1. 222 nm [θ] for the chain, helices only, -39500 (n - 2.57) per DSSP H run of 4+, per residue, to 500?
2. So the label point goes 7 Å from the Cα of R110 along Cα→C-beta, right? Which residues of segment 69-91 then have their backbone N under 20 Å from it?
3. At 0.36 nm per residue, and after removing the present C-alpha to C-alpha distance, how many nm does the segment from R157 to R80 gain when stretched out fully?
4. Let me know the charge dipole size of the chain about its Cα centre in debye, to the nearest 20, where only the beta-carbon of Lys, Arg (+1) and Asp, Glu (-1) is charged.
5. Name the residue, out of L137, L53, L74, whose mean-square fluctuation peaks in a Gaussian network model built on the chain with Cα pairs under 10 Å.
6. Given a Förster distance of 35 Å, report the FRET efficiency between R23 and V128 from their Cβ-Cβ distance, rounded to the nearest 0.05.
7. Translational diffusion coefficient, Stokes-Einstein: compute it for segment 13-119 using the Kirkwood radius over C-alpha pairs as Rh, at 4 °C and 1.567 mPa s, and state it as an integer in µm² s⁻¹.
8. Scan the chain and hand back the longest stretch that contains none of the GluC sites (Glu not before Pro) lying in DSSP loops with at most 16 other Cβ atoms within 10 Å.
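Each value in this text was obtained by applying a stated rule to the coordinates, not by laboratory testing. Keep in mind it's a predicted model, so treat the numbers as computed, not measured. All Cβ positions, glycine included, derive from the backbone under ideal geometry; neighbour counts span all protein chains shown.
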Amino acid sequence: MTLNVMVLENEPDAAAEAEMELRQAGHTVLRCHDAGTAPFPCRGVGQPSACPLHSHGVDVALVVRRGTRAQPTLGEDGARCALIHQVPLVVAGTPLFDPFDEYAALTVDRTDDLVGACEQVAAAPIEVLGRRASAVLDEIAGRSDDRVSPRAEVTRRAGQLKVRVEHGESMTKEAQARAAVRIAMAVREIDPYATGIDIAFVAAEGASISGPEVAT
């Protein structure tokens, strides 16, 4: 899985090693600032299309923090943008006085496997979106037995949301069609920045079944 990783740092060169490891693993590293330039303005201020969140489908943002700072530095300003765009955040550094602790999907030590941490977070289901999509399924299909009721899992890939509805075989084609439209609307309310939403209905064992696939 090749990822688009937006790399941020609280001090110059704090993320140099992490950036090298990500590139060696085959991932694309994106930066808000050009190397050797001041932390403000970022690329997107002068040219909005150059902002990594606009030019690429960012899968995960990695913030590498050196030392202990209770407030974000200008070099970390992209973390705020990532969170607004619903991009999961990995923080590498001490959790003591970490201003991102409440919002990070994962916090690890700077000496940990940062490539693995980014891959783990990028592949993980987005719980808030999964719950909302599953609530829509309950409204349409009802919920009489957790073992057979359709459930939704939502992941992000290259800026798109992938909605996987398991136990989709328990729904009629008409119900699947209605659910697909309403799920797309529901998750779009939470994440208006996703570049697309793909919805697939699958059988319990994971095999695809006939049904609508929605791309928005």
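1. On the way: 7 runs with 68 residues, N = 216.
When only DSSP H runs of four or more count, the value is -9000 deg cm²/dmol.
2. Answer for segment 69-91: 69-80, 89-91.
3. Values: separation 77, 0.36 × 77 = 27.72 nm, distance 2.00 nm.
That pair, R157 and R80, stretches by 25.7 nm at full extension.
4. Values: 21 positive and 31 negative charges, 123 e Å.
My answer is approximately 580 debye.
5. L74
6. Numbers: r = 31 Å, r/R0 = 0.89.
Computed FRET efficiency for R23 and V128 comes out at 0.65.
7. Working: Rh = 14.2 Å.
Calculated translational D: 91 µm²/s.
8. On the way: sites that count: E102, E205, E213.
In short, 103-204.
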